Amino acid sequence: MSQNSKISLSVNNWVNQVLGAAKHNVPAAQASAYAPSNIALSKYWGKREASFNLPVTSSLSISLAKHGTNTGLSVIDALAHQVILNGEEVDATGNFAIKVTQWLDRVLPRNLKLRIDTVNTVPTAAGLASSASGFAALTLATNSLMGWQLTKRQLSALARLGSGSASRSLWHGFVKWQAGEQADGSDSVAFPLQQQWPQLKMGLLTISSQTKAVSSREGMARTIATSPLYKQWPQQAELDLAVIEAAIEANDFETMAKTAEHNAMSMHATMSAAWPPLVYWQPESLTQMQKVWQLREQGLPLYLTMDAGPNLKLLFEAKHQTDVEAAFAEVQIISPFGTTC
Ligand code: DP6
């Protein structure tokens, strides 16, 4: 037996153990669910184990309210799943369809095939973590279709198998994903923090909404294998997370946002020291970053974070929204704790 089939067998064993007899429940005809996208303030970059998607460090994110994914599922009489993304059937051999069908084949009885209708309200794979909301919505919808009645903790672990950051997208607000220690990842699950921060705003500066050239999965593996700077990353990530968590509790915007920006810049420095270099920024990303730093020097409390893509996410408080909108004509404002944006 190859190493790969041994590993996937143990993931399958774990899934069967979690689902138990419910794996063979009679499905409803259809079900749907919504999950918000999320942006990490303290990032997940690196896996300690790839088949279960287990992270090297814990991470902490904020969910993007109504910006996320709606997933509808219906049972079809066919030999293969049918994957629809934003209204169009996707190529069954493409990355997205393969990841979705692999996840479904793990959790469903062998002969059950579905039509999966995914509608994203964020650009796919532009560093806006649509895989996070996608797998979270798929997990919630499947739980409902199959009547599994699993706990949120179990669903978080199942969503993680699709994409690590999906483990955090089952909740609104601030969410922490605990790295955990178990080999099967049963303690590598996310949970929501109680704190609300209605004044906190996020601004999206979309530089490009094209699919990224190097997936997070591949990028993480390359960074761990070749970046000499990765040695210091786990220690900094855990420290940043602790500072951010305390700042959220204390409602201390400056400390929270400054640490989030520093965490993102450190992650990107670590990636760019990989070989071949891993640089997700485009020239326009840097132009906008410099603009943020300039505005900050002029006294505007404005910070940024970036994921594995060229887009910027600005962090600021509601009282500065007019200034931010005046400086960035194209900014899309998100209110993570609001009801209207
Ligand atoms: C930079 O969760 O997309 O956005 O687990 O391989 O699917 P996989 O990776 P993914 O990585 C997200 C990386 C990040 C940081 C973060 O969201 O914590």
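The values are calculated or read from the model by the stated rules, or taken from the named source; none is laboratory data. Given the structure is predicted, the values throughout are model-derived calculations rather than measurements. Note that each Cβ is placed from the backbone with ideal geometry, even for glycine, and that neighbours are counted across all protein chains shown.
The listed residues are Asn86, Asn95, Asn25, and the only one of them that is over 18 Å from Gly185 (Cβ atoms), surrounded by fewer than 19 Cβ atoms within 10 Å (Cβ to Cβ), among the polar types (S, T, N, Q) and within 16 Å of the ligand (Cβ to nearest atom) turns out to be Asn95. Just one of the listed residues (Leu241, Leu286, Leu204, Leu278) is farther than 24 Å from Ala132 by Cα and not acidic (Asp, Glu), namely Leu286.
The condition (being under 30 Å from Gln194 (Cβ atoms), touching a Leu at 6+ places or on another chain (Cβ under 6 Å) and not in a loop (DSSP other than H, G, I, E, B)) is satisfied by just one residue among Leu114, Leu60, Leu73, Leu64: Leu60.
Considered as a group, the residues in the stretch 154-172 that are out of contact with any Ser or Thr (no Cβ under 6 Å at 6 or more places or on another chain) and within 14 Å of the ligand (Cβ to nearest atom) include one that is farthest from Gly20 (Cα to Cα), and that residue is Ser165. Checking each residue in the stretch 32-52 for being within 11 Å of the ligand (Cβ to nearest atom) and buried (at least 20 other Cβ atoms within 10 Å of the Cβ) picks out Ser37, Asn38, Ile39, Ala40, Leu41, Ser42, Lys43, Tyr44, Trp45, Gly46, Phe52. Residue count for the stretch 285-317 under the criterion of being out of contact with any Leu (no Cβ under 7 Å at 6 or more places or on another chain) and over 18 Å from Phe253 (Cα atoms): the result is 9. Would you mind stating whether Leu114 is modelled with pLDDT of 95 or more, farther than 25 Å from Thr57 by Cβ, surrounded by 22 or more Cβ atoms within 10 Å (Cβ to Cβ) and not hydroxyl-bearing (Ser, Thr, Tyr)? Answer is yes for this residue. The C-beta contact set for the stretch 203-227 (first residue assigned by TED's automatic domain parsing to the domain that holds Pro301 and more than 10 Å from the ligand (Cβ to nearest atom), second residue of a type in the set (D, E, K, R) and in a helix (DSSP H, G or I), distance under 6 angstrom, 6+ apart or interchain) comprises Ile207/Glu284.
One residue alone among Thr69, Thr151, Thr142 is surrounded by fewer than 19 Cβ atoms within 10 Å (Cβ to Cβ), away from the ligand (no atom under 12 Å from the Cβ), on the phi < 0 side of the Ramachandran plot and outside the structural domain of Glu245 (by TED's automatic domain parsing), and that residue is Thr151.
Working only within the stretch 184-212, note down all residues that are over 21 Å from Thr322 (Cβ atoms) and of a type in the set (A, V, I, L, M). Hits for the stretch 184-212 are Val189, Ala190, Leu193, Ile207.
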